[in-house]
């Protein structure tokens, strides 16, 4: 990863550069393919008030460029705030790449162990074709399952289940 740090109307000292490098290194834990990062620090003075602008321009492979701008009275606070915002963007991007609408992708499925339960194995539901309620009832009776989830002919998600009195219920 290429890192470029520049200052406008401000001389960048070694402690400031080291602080920025450490902040950018903290983003590497998300394992995103970062091509380059450009940090621009700008000293700003308006109406006698001093302030600092920090801008992160991060180029990710196979994604758009991420631009984060942060203003603050304190330079280190501005760097910290910009880093936190970058971490949030990186975390969201990482989550989008590793999950798909809350489901773990097929290559990342794993057995989950919870105390008191033998084993939980993620499975895909067979919700692809709509079923008549009678067909779903027959599938439930033929299996040892406690309930069966299906789409009915009106494209509504339904659940048919075995009751304790031996009858069947429908949601």
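Taken together, the values in this text are just the output of simple stated rules run on the coordinates, not laboratory data. Small disclaimer: the values here were computed from a predicted structure and weren't measured. Virtual Cβ from ideal backbone geometry, glycine too; neighbours counted across all protein chains shown.
Distance between the pseudo-spin-label points of residue 145 and residue 168 (7 Å out from Cα toward the beta carbon): 1.2 nm.
Here the range 38-88 was treated as a single set of alpha-carbon atoms; its pair distances binned every 10 Å from 0 give 27, 47, 20, 5, 0 percent.
Can you give the Kirkwood hydrodynamic radius of the range 3-70 from its Cα pairs, in Å with one decimal?
With all distinct Cα pairs of the range 3-70 included, I get 13.0 Å.
Summarising the label geometry, the points placed 7 Å from Cα in the beta-carbon direction at residue 134 and residue 14 lie 8.5 nm from one another. Between residue 159 and residue 97, the C-beta separation translates, for a Förster distance of 35 Å, into a calculated FRET efficiency of about 0.60. Between residue 31 and residue 43, residue separation times 0.36 nm minus the direct Cα-Cα distance comes to 1.1 nm.
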